[in-house]
Amino acid sequence: MGIQEEIKQSHFRNAYQKAFLNIMYTNNWLDEKVRGMLSGEGLTKQQFNVLRILRGSYPEPLSTLQIRERMLDKMSDTSRIVDRLIKKELVSKQTCPNDKRLVDVIITEAGLAKLESIDKREFRIEETFNNLTEEEADQLSNLLDKMRANEVEKTQ
């Protein structure tokens, strides 16, 4: 079903407005799927993102600043998210030996096990892309990168 049918709008100002609304609609649709996957795990999307970032750097720790730079949601309060993950014993933190002003965060064995459990079900999210060939998925990703590149150039 196309975006016109989904939101019951037959006319768009132009192709850019249609693409914008389609991206927003699809983002919310994917968001619901991810939330559903994580609901039984007791994790938010932001907590899941932090765990994946820390797994990617494991066994090296990261500062909260480094985590924030890598997060998908740049507006997240990284310190609060880390504190909640500490309470769940999925990460631990310690003062950085090189700079006492920084805190190093590392994923725990329990955090790695939690991600491994989620990894076994993550294919369900990837299945939402089954209507696309790998080439089309790559093209979609490249087009989205291209769209954001214009904004990056403006800020530099």
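The values are calculated or read from the model by the stated rules, or taken from the named source; none is laboratory data. Note that this is a predicted model, so its numbers are computed, not measured. Reconstructed Cβ throughout: ideal geometry from the backbone, glycine too, with neighbour counts over all protein chains shown. Accessible surface areas use protein heavy atoms only, side chains included; no ligands, DNA or RNA. Shrake-Rupley method; radii C 1.70, N 1.55, O 1.52, S 1.80 Å.
Restricting to the range 97-144, count the residues that are part of a helix (DSSP H, G or I), closer than 30 Å to R80 by Cα and open to solvent by 70 Å² or more (accessible area, probe 1.4 Å). Result for the range 97-144: 5.
R80 satisfies every condition listed in (1) surrounded by fewer than 14 Cβ atoms within 10 Å (Cβ to Cβ); (2) touching a Lys or Arg at 6+ places or on another chain (Cβ under 8 Å) except (2).
The one condition from (1) in a helix (DSSP H, G or I); (2) surrounded by fewer than 16 Cβ atoms within 10 Å (Cβ to Cβ) that E60 does not meet is (1). Just one of the listed residues (I86, I53) is open to solvent by less than 30 Å² (accessible area, probe 1.4 Å) and either at pLDDT 90 or above or assigned to a loop (DSSP other than H, G, I, E, B) (or both), and it is I53. Cβ contacts < 7 Å: first residue within 18 Å of P59 (Cβ to Cβ), restricted to the range 106-128; second residue basic (K, R) and in a helix (DSSP H, G or I), any location; separation 6+ or different chain. Result? Cβ pairs passing all conditions: I107/R55; L112/R55; L115/R52; L115/R55.
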